[in-house]
Amino acid sequence: MTVLGIETSCDETAAAVVDDEGTVRSSVVSSQVDLHAAYGGVVPELASRAHLDLLSVVVPTALEQAGLPPGPPAPVDAVAATVGPGLIGALLVGVSEAKAMALAWDRPFVAVNHLEGHLFAALLDHPELRWPLTVLLVSGGHTLLVSMQAPGRYQLLGQTIDDAAGEAFDKVARFLGLGYPGGPAVERAAAAGDPTAFAFPRAMLGEGLDLSFSGLKTAVVNAVRRHPDASNQDVAASFQQAVVDVLVAKTMRAATSSQAAGVCLAGGVAANGPLRRALTDAAEAAGLPAYLPSRAMCTDNAAMVAAAGRWQLQHLGPSPLDVPADPNLRLPLMA
């Protein structure tokens, strides 16, 4: 079963083809970073308009790179698209495109949860992984600790009570004038800084599995105002280290409490080098494997959407064509 996936939940326009063996035949991502950089963040209306233009390029390119004709007849067995969560205008563009192709090709349409798609990313790079997994899903909009018993079987262990980690990266980067997007900008600056220069708080470090990053962000602002001559590199390094310390500690505590057979990263912040190294080291010390998706599979992409859609079609069947886009869609959890 060959599935075409489409992803337009935020500011990445993506299309990909995953075949019946779960192999990524193609993955095309067109970034809108340059479009939004001048505003320091994603402008929803601009993102939606860009998706309209870019889908007409990325979809044919994904089919071509997969060695498939544009059709007719239908080049794939199903079409999957992200229906939420995300920016409603951006979601509607991708969902409408996917439904139109499914209807024109007389093929099933599959509505994919963006968060669930991220959980499938590691499977594309590590088909050998063992269950259950503790997954740290960390991005600009979400920070979740999930027990993944198997595909489709998820239990929420913990989550941020305020800012997502990626949101904190973006806001700190903007405050320091490091540029956009914030995650890579902070990581670049931190590489030349001292992570011990500032003793930033590790909120809720010893308390349960929920997380908090709002206070850390405020601590950065207050520290810079008290020490206006402090280097951005030291501030960035100290901030990043505080985030990594909390994320790794919480993930390993969650892995222990849920008796996980391994730990996994997912989401855009999972591309952060220090986080990847720290979690790998902590997992190794605990005798657990760490399954890290490639950096290309961490950020928003359509290969994870196609993979999740393929599994969903096989186990749950197709989605109705009247399923709506939902900007507030939650991860489906076990009862």
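Miscellaneous remarks
- Flag for Gly179 being modelled with pLDDT under 95 and under 22 Å from Asp281 (Cβ atoms): no
- Among the candidates Asp170, Asp162, Asp125, Asp229, residue that is of a type in the set (D, E, K, R), within 23 Å of Ala38 (Cβ to Cβ) and out of contact with any Asp or Glu (no Cβ under 7 Å at 6 or more places or on another chain): Asp170
- Test result for Ala98, within 23 Å of the chain's Cα centre (by Cα) and in a helix (DSSP H, G or I): yes
- Beta carbons closer than 9 Å, at least 6 apart along the sequence or on distinct chains, pair a first residue in the range 260-284 that is more than 18 Å from Pro195 (Cα to Cα) with a second that is surrounded by fewer than 24 Cβ atoms within 10 Å (Cβ to Cβ) and of a type in the set (Asp, Glu) for Ala271/Glu187.
- Condition broken by Gly141, with the remaining ones in (1) surrounded by 22 or more Cβ atoms within 10 Å (Cβ to Cβ); (2) of a type outside the set (A, V, I, L, M, F, W, C); (3) closer than 27 Å to Glu45 by Cβ; (4) assigned by TED's automatic domain parsing to the domain that holds Gln259 satisfied: (1)
- The helices (runs of 4 or more DSSP H) located wholly in the range 241-329 that include 3 or more residues which are within 26 Å of Asp210 (Cβ to Cβ) and of a type outside the set (Ser, Thr, Tyr) occupy 273-285.
- Sole residue being surrounded by fewer than 19 Cβ atoms within 10 Å (Cβ to Cβ), in a helix (DSSP H, G or I) and of a type outside the set (Phe, Trp, Tyr), chosen from Val220, Val224: Val224
- The conditions of being surrounded by fewer than 22 Cβ atoms within 10 Å (Cβ to Cβ) and either outside the structural domain of Leu275 (by TED's automatic domain parsing) or not hydrophobic (A, V, I, L, M, F, W, C) (or both) are not met by Pro181.
- The numbered conditions (1) farther than 20 Å from Ala173 by Cβ; (2) at pLDDT 95 or above; (3) of a type outside the set (S, T, N, Q) are all true for Val224 except (1).
- The residue of the range 82-138 that is surrounded by the fewest Cβ atoms within 10 Å (Cβ to Cβ), among those that are among the charged types (D, E, K, R) and modelled with pLDDT of 95 or more, is Asp106.
- Residues in the range 192-217 that are among the hydroxyl-bearing types (Ser, Thr, Tyr) and assigned to a loop (DSSP other than H, G, I, E, B) were compared, and the one that is nearest to the chain's Cα centre (by Cα) is Ser212.
The values are calculated or read from the model by the stated rules, or taken from the named source; none is laboratory data. Predicted, not measured: the structure shown is a model, and the values here were computed from it. In this analysis, Cβ positions are derived from the backbone assuming ideal geometry, glycine residues included, and neighbour counts consider all displayed protein chains.
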